[in-house]
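I have placed the structure first, in the form of structure tokens, so that the comments after it can refer back to it.
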Amino acid sequence: LCRGEAETARHTLGLTAGQAGEVARNARLEQAPAAAAAKVYTGVLYAALDYATLPPAAQRYARASVVVFSALWGMVGLGDRIPAYRCPPGVRLPGLDAALGSWWRRRLTAMHSRQFAVDLRSGPYQGMWRPAHAATVRVLHDGKVVSHFNKATKGRLVRDLALAGVAVDGTAALAAALRELGYDVRADGDRLDITVDTLA
């Protein structure tokens, strides 16, 4: 796609004119340098996680426990080496019969895990795979669900779990662990609502 007509690729990927350079970068993907996913992925959540400043034990915890869902790669560990790219899950690439989120869901459905998961993904990425045993997390402020700024809270949550080396096997145990870490948590079935005082 990105080695073809640049404007077509930009529109297909849902990029703005100011992001046109992402198309050129995608076109060189096979020759691009790779780095650990923890260094490649950026944004509010990853800034709050601040993986590079975690002590060695917490980094090992994060590498062993955290899975990032990628529309291009599927499932990526923080230590997996990947090149930088731009590809959202709602994109329908040439030659595929579905948008990437649905395409991955058909391929990941057979993957079963009995391990309890803390699902921090946004909606489009949740559609790629449904864990059998998981808690989802919402972030609230003044009684309302937070959208963009919830990522910072989720990044801090992962950091705090890694620092504490928390291992839990269910939603109730996770809620209890988060309360001990200072979070204002309310459990509702398999969903945890975390209330924050400030948006940052």
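Provide Rg over Rh for the chain; use the alpha carbon set for both Rg and the Kirkwood Rh (inverse mean inverse pair distance).
Values: Rg = 18.0 Å, Rh = 18.3 Å.
Result for the chain is an Rg/Rh of 0.98.
Accessible surface area normalised per residue over the range 146-200 is 54 Å², counting heavy atoms of protein chains with a 1.4 Å rolling probe. Taking the centroid of alpha carbons for each part, the range 89-115 and the range 133-200 are 27 Å apart.
Summed over qualifying helices (DSSP H, 4 residues or more, each -39500 (n - 2.57)) and divided by its residue number, the chain shows a 222 nm mean residue ellipticity of -10000 deg cm²/dmol. If the segment from ARG3 to MET111 were pulled out straight at 0.36 nm per residue, it would be longer than the present Cα-Cα gap by 35.6 nm. Most simply put, the chain has about 60% antiparallel DSSP beta bridges, counting only bridges with both residues inside it.
Say R0 is 30 Å: what FRET efficiency, to the nearest 0.05, do HIS141 and ASP169 get from their beta-carbon distance? Can you show the working numbers first?
On the way: r = 29 Å, r/R0 = 0.98.
The formula returns an efficiency of 0.55 here.
Put a plus charge on the Cβ of each Lys and Arg, a minus charge on the Cβ of each Asp and Glu, and nothing anywhere else: the dipole of the chain about its Cα centre is then about 460 debye. Just checking the listed ones, GLY43, GLY74, GLY18: in the Gaussian network model of the chain with Cα springs under 10 Å, the one fluctuating most is GLY18.
Using a 1.4 Å probe on the protein chains only, how many percent of the accessible area of the range 104-149 belongs to carbon and sulfur?
Working: 1650 of 3060 Å².
The C+S portion of the solvent-accessible surface of the range 104-149 is 54 percent.
With a cut-off of 12 Å on the backbone N, the residues of the range 129-165 near the modelled label site 7 Å out from ASP50 along Cα-Cβ are 156, 159-160. In a fully extended conformation the segment linking ARG130 and ALA187 would gain 18.5 nm over its present Cα-Cα distance, using 0.36 nm per residue.
The values are calculated or read from the model by the stated rules, or taken from the named source; none is laboratory data. Please read all numbers here as calculations on a predicted model, not as lab measurements. No Cβ is skipped: glycine too gets one built from the backbone with ideal geometry, and neighbour counts run over all protein chains shown. What goes into the accessible areas is simple: the full protein's heavy atoms, side chains included, and nothing from ligands, DNA or RNA. Shrake-Rupley method; radii C 1.70, N 1.55, O 1.52, S 1.80 Å.
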